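Report on the structure given below.
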Amino acid sequence: MTPSTALYINGLSVNFGGFAALTNLTLEIPYGQTRAIIGANGAGKTTLMDVITGKTRPTLGEVFLDKSIDLTGLDEAAIARQGIGRKFQKPSVFEALSVSQNVELAVRKGQGFAAMLMSRLTTTQRQRIEEVLVTIGLAEERGRLSGTLSHGQKQWLEIGMLLAAEPRVLLLDEPVAGMSDEETERTVGLIKRLAAPERAIVVVEHDMDFVSRVADLVTVLHEGQLLGEGSMDSVRQDPRVIQVYLGRG
Amino acid sequence: MPNLTSFTQRGRPYAFSLLFLAIAAYLPLAHLVIAPGSAFHLSLFLINLIGQIVCFAMLALALDFVWGLLGILSLGHGVFFGIGGYVMGFYLLNAAYGDTQVLPDFMLFMGWDKFPAALGIFAHLPVAVLLAIVMAVAVAAVFGYATFRSRINGVYFSIITQALTYALMLLLFNNDLGLGGNNGLTGFTSVAGLPLAQASTQVWLACASCLVFAAAYLLLRSIADSSLGKAMVGVRDDEPRLRFLGYRTDRIKLVAWCLSAALAAVAGMLYVPQVGIINPSIVSPLLSVEIAVWVAIGGRGTLIGAVLGAVLVTSLKFWLSASMPSVWPFILAGTTLLITVGLKNGLWSAGSLLPGKRGGGA
């Protein structure tokens, strides 16, 4: 099976007032794949996420979803509605709302004012929320205010919110940062369950063990440029990677 | 589906509006039917006071809708209150001129010999009401569009709103504007054909304030309890998160902001015929800050708390600023400090800590 391309990034450069955060980066991420992006601090990982999700405009280059939708001209909300979900580094949930209300907001994305005011959830939407709550393991906590959840639970809830929106591309920025071993273990399971033929997952992470367990393919960035690409094992043995990244590490 | 919490399952807070319907029903009885001397009789002075306080409560409601639920603190809601008030003033000038055929004093001082045609637009009450709302929403929309699109948030937003109200005050102080300068507009004689000097007119105005308040509360409460209200809370708690979920948060803010402005304008319209005057002090930064103080004291994000705060503080102010005017500012400052430091989110949240009671989030 040759999977089709989910994200196509071509000749991407981002300059912040003379500082080149990304230089001529070309990447292709197919549907069905879980891709890890690794690199030292300042390698451009977060900038890449910012460009894909519309937070930062590229200086040069293009980003396509599905090979046809140009993302560089769209704003954050429009890109999200195209099916790109992003998990932030620090857990970002709506603390004054309950767990299920958080997921409900994700399910209702794109609704107009009238629908937000009037319409009740459809049976399909309710089932979707329920499925998501089960998948992220928070079904028992649905009525709790999300502000009272533990750090790990908040991370899962945020992933659940993205999942509820049925994303084609899921971007996860350091999903296991600050997690206990047990929480990391559960997150590995969760990410493996999120993988689907119609979805691409991109993980930015420092934890090498974690990366080797979830990623199909690893992309190494260094100072805004592509350094190497391959399986975790081959990347680990690449002398350049060892020198600039793992060697420091 | 097992107990999936729906946004609309609450109910009890709606009963709060019944209180204002009851007051609206009681006021005519209390003055026009029940004889003076009875314990249930209310003097015209008190009824007028209640009417004014309800207008302030509506103003607090409008502010809490954007501050408590949406997280944007306006320190310039007096602008919208003032727009409503001045437009009502224009209408009342028309009505007074129609009654007496005498030009208002400030026009005579300026050497005008006939009623200006520009103010004639406001000669009919329904037109004036509509224009006031349109003007308030237009100002709010232009200001909101510019600030929300450029993502001006937090304290920067508050400072700009404060500047806005100050600028409007300076503008209105200007005699050449033809709106009475620092004396403002006064000399009103009748509203909707009813003489203002007549007791029953004052009673009906207070009544109308209560009824409009009840309707406004129901409207805002139903929005707060809908999914749109939850999205507003989402903007307050983590706007980028909501934006990256696919919501146009700037639009949510703009719509709520304009609605709040319209409500403040309506409050201003009800306020002016009851006090009989409108002058630039209504758009002084002081009043706008005071509105925020009411909401902070009462408790943000619950709507009820804001109303409670406004009623409490304005009642105290009417009482204490008359009986011990020099002490009042210290009492207000002291109370504000005590409550904001000691209760975190105002009086209503303190009530909601009691078992069985519910308050807002946060």
* To do: Please report, in debye to the nearest 20, how large the charge dipole of segment A:1-125 is about its Cα centre when each Lys and Arg carries +1 at its beta carbon and each Asp and Glu carries -1 there.
  => 260
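When only Cα pairs under 8 Å and 6 or more residues apart are kept, what is the percent relative contact order across segment B:14-284?
On the way: 386 pairs, mean separation 111.4, N = 271.
The value is 41 percent.
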* **Leading residue at positive end of dipole, chain B (Cβ point charges), from B:135, B:279, B:20** => B:20
* To do: Under 17 Å between C-alpha atoms is the cut-off here; go through segment A:5-246 and count lysine pairs that meet it, provided they're at least eight residues apart or on different chains.
  => 9
* Structure fact -> Over chain B, the sum of -39500 (n - 2.57) across DSSP H runs of at least four, divided by residue number and rounded to 500 deg cm²/dmol, gives at 222 nm -22500 deg cm²/dmol
* Structure fact -> Ranked output for segments B:139-147, B:209-217, B:274-282 by mean other Cβ atoms within 10 Å, highest leading, reads B:209-217, B:274-282, B:139-147
* Over chain B, with a single point scatterer placed on each C-alpha, what log10 of the ratio I(q)/I(0) does the Debye formula yield at q = 0.12 1/Å? -> -0.92
* In whole percent, what relative contact order does chain A give with Cα contacts below 8 Å and a gap of six or more residues? -> 27
* **Per-peptide average of other Cβ atoms within 10 Å, ordering B:43-50, B:85-92 highest first** => B:85-92, B:43-50
* **Other protein chain Cβ atoms within 10 Å, averaged over every residue that makes up A:83-96** => 4
* Asked: Can you tell which of B:267, B:123, B:224 shows the greatest fluctuation in a Gaussian network model of chain B with Cα springs below 10 Å?
  -> B:123
* Per the helix-only calculation at 222 nm, which mean residue ellipticity applies to chain A, given -39500 (n - 2.57) for every DSSP H run of n ≥ 4 and division by its residues, nearest 500 deg cm²/dmol? -> -9500 deg cm²/dmol
* To do: Would you mind working out the magnitude of the charge dipole of the protein assembly as shown relative to its Cα centre, with +1 at each Lys and Arg C-beta and -1 at each Asp and Glu C-beta, to the nearest 20 Debye?
  => 800
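For the protein assembly as shown, what does the convex hull of the Cα positions come to per residue, in cubic angstrom? Walk me through the intermediate numbers first.
Details: hull volume 118.2 nm³, N = 611.
About 193 Å³ per residue, rounded to a whole number.
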* Under 18 Å from the Cα of residue B:317 - lysines, other chains or at least 8 residues apart -> none
* Using only alpha carbon pairs under 8 Å that are at least six residues apart, calculate the relative contact order of segment B:40-170 and give it in whole percent. => 36
* To do: Please work out the C-alpha center-to-center distance from segment A:200-241 to segment B:139-181 and express it in whole Å.
  => 53
* Could you point to the residue in A:115, A:165, A:146 farthest towards the positive end of segment A:71-185's charge dipole, with +1 and -1 charges on the Cβ of Lys/Arg and Asp/Glu respectively? => A:115
* Asked: What is the dipole size for chain B, taken about its Cα centre, with +1 at each Lys and Arg Cβ and -1 at each Asp and Glu Cβ, in debye to the nearest 20?
  -> 1260
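For peptide A:99-110, compute the average count of partner chain beta-carbon atoms within 10 Å of each residue's beta-carbon.
Mean number of neighbouring Cβ atoms from other chains: 5.
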* List every DSSP H helix in chain B whose Cα atoms extend 18 Å or more along the helix's own long axis and whose mean Kyte-Doolittle hydropathy is at least 0.5. => B:16-28, B:44-67, B:78-100, B:125-149, B:154-173, B:199-225, B:249-275, B:285-298, B:304-323, B:328-343
* Structure fact -> Counting only DSSP beta bridges with both partners in segment A:5-246, the antiparallel fraction in percent, to the nearest 5, comes to 55
* **Beta bridges per DSSP with both ends in the protein assembly as shown, % antiparallel, nearest 5** => 60
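No lab work stands behind these numbers, since they all come straight from the coordinates. Keep in mind that what you see is a predicted model, and the values were worked out from it rather than measured. With ideal geometry, Cβ positions are generated from the backbone for all residues, glycine too; neighbour counts draw on all protein chains shown.
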